[in-house]
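One structure is given below, encoded as C-alpha cells.
Any read-out appearing in this document is the output of simple, stated calculations on the displayed coordinates, not a laboratory observation. As the structure is a prediction and not an experimental result, all values here were calculated from the model. Positions of Cβ are backbone-derived with ideal geometry, glycine not excepted, and every protein chain shown enters the neighbour counts.
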Amino acid sequence: MSVEWLNESLFEDILKKEYKEYQVISFVVKDAVPKGENYASMIKRVSIGLKLTDSTETIKNYIIKSDKSSEFSSYVNGTLYPKERLMFEKFIPRFESLFKETPEKAQFAPICYKTMDDIHTFILDDLQSKNFVHTKRQQGMDLQHAEATLAKLAQFHAASRCIFELEGPYPDIFDEGLYKEELVPIYENMFQNIWPIIYKDMTKWTDCKEYVDKLAIQKPHMIHLLMESLTYDPSEFNVLNHGDLWSNNIMFQYKDDGSMNEVLFIDFQLCKWGSPVQDLLHFIITSCNPDIRVSKFDYLISHYHKHLTESLNLLNFKGKIPELDDLHAQLKKRGYYGVNTSLSILPAVLMEPGEKTLQQSLKIYSNPKYREAMKDLLQWFSVRGLLDI
C-alpha cells in the first residue's frame, strides 16, 4: 500500500496540542507488524523527533492504522473503518468514563488521536513505546495472562451493557460481526474448498478417528450450525463483543517486579452486539495454552463471571445480572461457535511466523501443535454434544 500521504503534516494538529512550538528533526516510518501476523489493515509505526524551545529533544511515537485498500474490509461490506471509528470516538470513551466515576478506573484501548475518513485511517498511541507487549501466540497464554484478559473483558462487557441500558441500542452496524447471513453462500463455497484439506490431515489422527468421523457426518450442516450459534436472542444477557479477541489483539504491560500492570485491547473492527459467549469461546480456544484451554475452562468462565458481576455492581447496573448457570446455558446453546473457531481460526494462530496465510497454506492442518490442540478439543466438544447432529 502506498504511504505517500503519510507525512509530517498529518501530525501537526496533534503535536500543537502538546507543544506550542517545536522543530521536527526526524520523521521515521516503519512496518509495525512482523510478516506472517496477518492483520487485515496496513499498520505503520511513526517516530517523530522533536526539538523544543528550551533546546531539549524528545521523540513521539504513533501507530498508523489504515484499511483503505484492505480486501478483508471489502469482504465485510466496508464496515471495518466506520465500526472502529465509532468505537474509538464514541463508545470506548463512554465505557471508560463510566469507570472514572468509581474507585476502579479502567482503560480498554490505546488513545486515538485522530481519525481520517477520506483515507480510512487512525492515528493511535504506540503501546510498544510504553512497554506493552504481546504474548507468543503459538504458545498460548498461561493462567495469569488469561485471568487478566478475562477480568478486563468482563469490565468491557459490563460497561457496554450499562451504556445500552442508559442510552439505548447500539447502531445497526453492530448487529453483525465477521459472519453475515447474506454471505452464507460464500462461506459454504469456501468451506467446500477447504474441507478436503482439513479432512485429509485429520484422517491421519488415528487417536481421534471417532471424533473426525463425527465431523465428517456433520460437515453438510457446519455453516448452518455456525450461524445458529450466533443468532441474536434479546431475552439473553447481551453485551458488545470485541469480536476478534485473540492474543495478537491483546497487549500487556508489566511492573518493574514483573507483575502485571495493565491489559489493553486493540483492533475493534468486528465488534458485535450479542451473547458474551462469542468473545469467551473465541479467546479461550485461540489464545489459552494447552495446559489450561480445556482443563481450566470452567474455572475461566467462573473467573470472568465473578469480574462481570463485580463490574456491573460497581457501575450500578439496574438490570438482571446473569447467574453463572445462565452463562453456562448460553455456552451450551452457542457452543458450536467454539467448534468453528477451532477449525477456521486456531490453525492460523498456531502457524509459525513467516508461514503462508490460511488461504494459501496446505500445511496448517498438519501442524503438530494443531493436532495436539485438537486432540483435547475434539474430545471435549464430543462430551459437550457439539459433534452430534
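Taking the fewest neighbouring Cβ atoms within 10 Å as the starting point, the ordered list for Tyr211, Tyr254 is Tyr254, Tyr211. Just how many % of Cα pairs in the stretch 260-299 lie over 15 Å apart, if you round to the nearest whole percent? Every Cα pair in the stretch 260-299 considered, those over 15 Å come to 55 percent. If you fit an axis through the alpha-carbon atoms of helix 209-218 and take the longest principal axis of the Cα set of the chain, what angle between them do you get, 0 to 90°, nearest 10? In the chain, helix 209-218 runs at an angle near 80 degrees to the longest axis.
Mind checking which of Gln128, Gln278, Gln192 has the largest fluctuation in a GNM of the chain, springs on alpha carbons under 10 Å? Greatest mean-square fluctuation among the candidates belongs to Gln192. Axis of helix 297-314 versus longest Cα principal axis of the chain: the two differ by about 50°, to the nearest ten degrees.
Principal axis extents of the C-alpha atoms in the stretch 50-208 (largest first, rounded to whole Å): 68, 38, 38.
Of the residues Pro169, Val24, Val294, the one whose Cα sits farthest towards the positive end of the charge dipole of the chain is Val294 (charges of +1 on Lys and Arg Cβ, -1 on Asp and Glu Cβ, taken about the Cα centre). Measuring nothing but how far apart in sequence close Cα pairs (under 8 Å, 6+ apart) lie, relative to its length, the chain scores a relative contact order of 19 percent.
Working note: Debye formula, equal point scatterers on the alpha-carbon atoms of the chain, no solvent; log10 I(q)/I(0) at q = 0.13, 0.14 Å⁻¹ is -1.16, -1.34.
In the structure shown, the pairs Lys83/Lys333; Lys114/Lys369; Lys105/Lys296; Lys65/Lys296; Lys130/Lys152 are assessed against 30 Å; a Cα-Cα span above that value is assigned to Lys114/Lys369; Lys65/Lys296. Here the chain is assigned +1 on the Cβ of each Lys and Arg and -1 on the Cβ of each Asp and Glu. Its dipole about the Cα centre then comes out at about 640 debye. For Lys375, a cut-off of 14 angstrom between C-alpha atoms picks up these aspartates and glutamates, skipping any fewer than 8 places away in its own chain: Asp201, Asp207, Glu210, Asp213, Asp291. Computed from Cα positions, the angle between helix 143-167 and the longest principal axis of the chain comes to roughly 80 degrees. Counting neighbouring beta carbons within 10 Å and listing from fewest to most, the residues Trp205, Trp273 come out as Trp205, Trp273.
Note on the stretch 211-357: percent of Cα-Cα distances in each 5 Å bin, starting at 0 and stopping at the bin with the largest distance, equals 2, 8, 14, 20, 21, 17, 10, 5, 3, 1, 0.
Within the chain, antiparallel bridges make up roughly 95 percent of the DSSP beta bridges whose residues both belong there. Per residue, the Cα convex hull of the stretch 293-389 amounts to 145 Å³.
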